[in-house]
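Reading through the structure tokens given below for one structure.
What follows is calculated from the coordinates using simple rules that are stated; it is not laboratory data. Note that this is a predicted model, so its numbers are computed, not measured. Methodologically, a virtual Cβ is constructed for each residue, glycine included, from the backbone with ideal geometry; neighbour enumeration extends over all protein chains shown.
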Amino acid sequence: MTPRLTPYEYAIIQAVPRIERGELINVGVLLYSQRHDFLSALTHLDEARLRALDPAADVDGIRAALDAWDRTCAGGGASEQMRLGERFRWLVAPRSTILRAGPVHMGLAADPGAELRRLVDLLVR
């Protein structure tokens, strides 16, 4: 029996170390599946790529900000009372900070966790 494919939404998490230059690197993926009651961010920060864009980049600060995205997905801090979909929309809202979400895309998958890992391997690593 073939696993049932269900829709999900995802956005690439991007680091923009010098906002005035507009250069960025992909540092993770945020994936939300309403049907699976699933919201998670999986990140991978390539320090060498980041430093190629900005040798003075605050790597520790960026790692801390990425951890905050994980905590928001899990319902920590200000997101505690939010439903998963609200957390996802909050994280993908446009912002001018060192971390931002790219455009939201759609897909189909039977296992959102496995799909998240696949997307990170494809789009980030």
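Things worth noting here:
- Size of the chain from its Cα atoms: along the principal axes, largest to smallest, the extents are 51, 32, 20 Å.
- Ranking of T2, T97 by neighbouring Cβ atoms within 10 Å, starting from the fewest: T2, T97.
- Summed residue charge, Cβ within 15 Å of D111's Cβ, Lys/Arg positive, Asp/Glu negative: +1
- Region 78-123 and region 28-54 have their alpha-carbon centroids 8 Å apart.
- Per-residue [θ]222 nm for the chain (sum of -39500 (n - 2.57) over DSSP H runs n ≥ 4, rounded to 500): -10500 deg cm²/dmol
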